[in-house]
There are 2 protein chains.
Amino acid sequence: MLKAKTKNISIVLYKPKYAGNVGAVARAAKNMGIGDIVVVGRRDFDDEEMRQRSTHLAADVLDKIQYFDCAEEALGDFNYIVGTTARLGKARGPFLSPRAAADEIADISQKNKVALLFGPEDTGLANDQLRLCNSVVTIPTSREFTSLNLSHAVMILCYEIFAASSPITSTEVTPKLARSQELEGMYGQIKTLLADIGFLNPENPDYWMLHLRRFFTRAGILSREVKIVRGICRQLTWYAHHKKT
Amino acid sequence: MLKAKTKNISIVLYKPKYAGNVGAVARAAKNMGIGDIVVVGRRDFDDEEMRQRSTHLAADVLDKIQYFDCAEEALGDFNYIVGTTARLGKARGPFLSPRAAADEIADISQKNKVALLFGPEDTGLANDQLRLCNSVVTIPTSREFTSLNLSHAVMILCYEIFAASSPITSTEVTPKLARSQELEGMYGQIKTLLADIGFLNPENPDYWMLHLRRFFTRAGILSREVKIVRGICRQLTWYAHHKKT
């Protein structure tokens, strides 16, 4: 059985509101062997409150939290981003159960940096952040009360990853996926090209781009494939300009 | 799979120390459809602290907590008692994983009252309480840090019980993939375009095409996505010719 490489997995908290929750997340993550936390969009947490909830045994996780101002920057180096949402209507699927996601992550984490992305306590992730995700997990809950505490949601996903192992008989391990940064560069280039040739409606350029983004993130495009796509775009752009003159 | 009768399941907290944890347990339990909490050996919890962590949506769970002075009295009415421990040496087995216990509980809860028994935050259950249990669960953790927050331990077990009884793995349904015919039409169109703009080596046009084919087949491209790609190719071709003249 193949175990997830927890060293390649990080918890990314997007704009968490409460210091206590950040501490509780650190504890939950470390219980399940995950030592890296990234916090986006806030840094002014009450230290004592965080440490009280992490307990001193997870203090090292708090000490090495990495702070970023925006999601794109925080996620740039990751190859695979797993979003979380309670609202099925908000994002487009496929939505994975924590268990199905854990199986996938156990495999992908062998050769790729994986981010588990969680939104703010009150609103969860918005479409702007969900768009960056390769897959989206929803944790099943009772219909009566669907809102999970942030650290409880983190715990369930980390627990499933810890418990998961994929059969080693499937010798095929996911090769190196493109990093988020590479993808964003590619999307920018495609968007410019499609606007140039009049394919994108200037009033709503993101409509078609969203379809393309969905396809590429679902597809799990490799780093070397991004280079091919960008090479094609470059050649198309060159050709278009060349023919103009 | 048989759905657990959550109405027959109660969380029994033996001498919990922190009001905040009792509140967090109420929230976790209700998230997973369990509404009954029993507290043994203490009743003087700070109400505000409990309610803050339960959120108002689980206030009803707090309102109907049953308090008892000793474990024997609290557990007297239950048919099946599931203990929890982190220390395998302490109690005699068999020790169940949360998943194995959840399967058992889903079955037993159909006709029996089930107690999920959790010990104090610092020491866990002692032999005196473990002796009352029909089975004992241990939650797997990293060896580096085995001590779970009380509400996290409750959440994992409740989540497994909830997951055992709902068809959570079937949320993902693969939508309509493109037919081979559609794919071949798309490849032909891409090949023509890439040859037109000088991206493909005329002596070996299939080299890059092979990379693209591999990517698209691995990706599992949808019928509607093939239409988008073909639309883009058409526009690119039109643009190229339009600019020529």
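FYI, it's all coordinate maths here, none of it is from the lab. This is a predicted model, so every value here is computed, not measured. Virtual Cβ from ideal backbone geometry, glycine too; neighbours counted across all protein chains shown.
Assorted remarks:
- Averaging Cα coordinates gives a centre for segment B:61-134 and one for segment A:102-170; these two points are 28 Å apart.
- Crossing angle, helix B:206-219 versus chain B [Cα axis fit, 0-90 degrees, rounded to tens]: 30 degrees
- Both radii come from the Cα set of the protein assembly as shown: Rg as radius of gyration, Rh as Kirkwood radius; their ratio Rg/Rh reads 1.06.
- Fewest neighbouring Cβ atoms within 10 Å first, the residues A:Asp103, B:Asp122 line up as B:Asp122, A:Asp103.
- Over all distinct Cα-Cα pairs of segment B:1-135, the Kirkwood formula returns a hydrodynamic radius of 15.1 Å.
- Under Karplus coefficients 6.51, -1.76 and 1.60, residue-wise ³J(HN,Hα) of segment A:37-46 in Hz, glycine/proline x: 10, 10, 10, 10, x, 7, 9, 8, 8, 5
- Fully extended contour minus Cα-Cα distance, from B:Asp122 to B:Asp107, at 0.36 nm per residue: 2.2 nm
- Label 7 Å beyond Cα on the Cβ vector: B:His211 copy-to-copy distances, nm: 2.6
- Contour minus Cα-Cα distance for B:Thr237 and B:Ser97 (0.36 nm per residue): 44.4 nm
- Amide H contacts under 5 Å for A:Val137: A:Gly83, A:Thr84, A:Thr85, A:Leu96, restricted to partners 5 or more places along the chain or on a different chain, H placed in the peptide plane at 1.01 Å from N.
- Phi-derived couplings, Karplus 6.51 cos²θ - 1.76 cosθ + 1.60 at θ = phi - 60°, listed residue by residue for segment B:132-143: 7, 8, 6, 8, 10, 9, 10, 8, x, 9, 4, 5 Hz, with x used for Gly and Pro.
- Label-to-label distance, nm, for residues given as A:Glu144 and B:Arg213 (7 Å Cα→Cβ offset): 5.8 nm
- Residues with amide H under 5 Å from that of B:Met32, placed H, sequence gap 5 or more: A:Ser142
- Normalised size of chain B, defined as Cα radius of gyration per 2.2 N^0.38 Å with N residues, equals 1.65.
- Antiparallel bridge percentage (DSSP; both residues within the protein assembly as shown; nearest 5): 10 percent
- Cross-link reach is defined here as a Cα-Cα straight distance under 19 Å, omitting same-chain residues fewer than 8 places apart; for B:Lys3 the aspartates and glutamates meeting it are A:Glu144, B:Asp36, B:Asp103, B:Glu104, B:Asp107, B:Glu160.
- Among B:Glu203, A:Glu160, the ranking by other beta carbons within 10 Å of each residue's beta carbon, starting with the fewest, stands as B:Glu203, A:Glu160.
- Copies compared at A:Ala59 - label distances in nm, ascending, label defined 7 Å from Cα in the Cβ direction: 3.8
- For chain B, built as a Gaussian network whose Cα springs stay under 10 Å, the top-fluctuating residue of B:Arg27, B:Arg131, B:Arg230: B:Arg230
- Built amide H within the under 5 Å cut-off of B:Ser109, gap 5+: B:Lys5
- GNM flexibility winner over chain B from B:Asp63, B:Asp206, B:Asp36 (Cα, springs under 10 Å): B:Asp206
- Fewest-first sequence of B:Tyr187, B:Tyr80, A:Tyr159 by Cβ atoms within 10 Å of each Cβ: B:Tyr187, B:Tyr80, A:Tyr159
- With its label point put 7 Å out from Cα toward Cβ, A:Glu48 sits 1.6 nm from the same residue's point in the other copies, in order from shortest.
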